[in-house]
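These notes are about the structure you will find just below.
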Amino acid sequence: MPEDILIVDVQEYYFTVSEELQKRSQHNSKWPQPIDQRIFIGELDFFASPAEIVDFDLLIRHMKDLKEGRAVERPCFDQKTQSRQNHTVLIEPRPIIILEGALANANDQLRLLFDLSIYIECDNDVCLSRTLTKLEKEVQPLLEPEHQMDMFA
């Protein structure tokens, strides 16, 4: 990757998954909600607002700092434990900042910081393939294939 590009993943700004959200996840086993109203973290499927999942205040502050040329201490989210870790990663600003993630456009204040916004819509089979690849790397054991198919139904 070129040295002038920084990729920031919204997922790193997820809050630790609360017991309340975990209980909601267990009650959503049939996924009655439309796909665009569900949030997937590791093995859990949430019916939650993005504000319940992402620390937008911190993300917005960090994006402003990076745009103004200041380094930030980015949090680290662990998919396996569904929690924010105690350590952070120092991120140095770069001329081009790419904010990636399903919830990157979910906050009006955050979107105001963007010079350009690109949304890529993929076929469900591409989404499924990418999800399985990501889960294979981050979460063990893998979800049952039937569960994955229901996510994109």
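Structural remarks
- Scanning region 76-94 for residues that are more than 26 Å from Cys127 (Cα to Cα) and either modelled with pLDDT under 95 or surrounded by 14 or more Cβ atoms within 10 Å (Cβ to Cβ) (or both) yields a count of 5.
- Residue within region 121-141 that is out of contact with any strand residue (DSSP E or B) (no Cβ under 8 Å at 6 or more places or on another chain), closer than 22 Å to Phe56 by Cβ and either modelled with pLDDT of 90 or more or among the aliphatic types (A, V, I, L, M) (or both) present: no
- Matching entry among Ile91, Ile98 (being touching a residue at least 60 places away in the same chain (Cβ under 8 Å) and farther than 13 Å from Glu12 by Cα): Ile98
- For region 37-75, the candidate set comprises residues that are farther than 14 Å from Glu92 by Cβ and among the basic types (Lys, Arg); within that set, the residue that is modelled with the lowest pLDDT is Arg38.
The values are calculated or read from the model by the stated rules, or taken from the named source; none is laboratory data. Just so we're clear, the structure is a prediction, and the values are computed from it rather than from any experiment. Please note: Cβ atoms are built from the backbone with ideal geometry, for glycine as well, and neighbour counts cover all protein chains shown.
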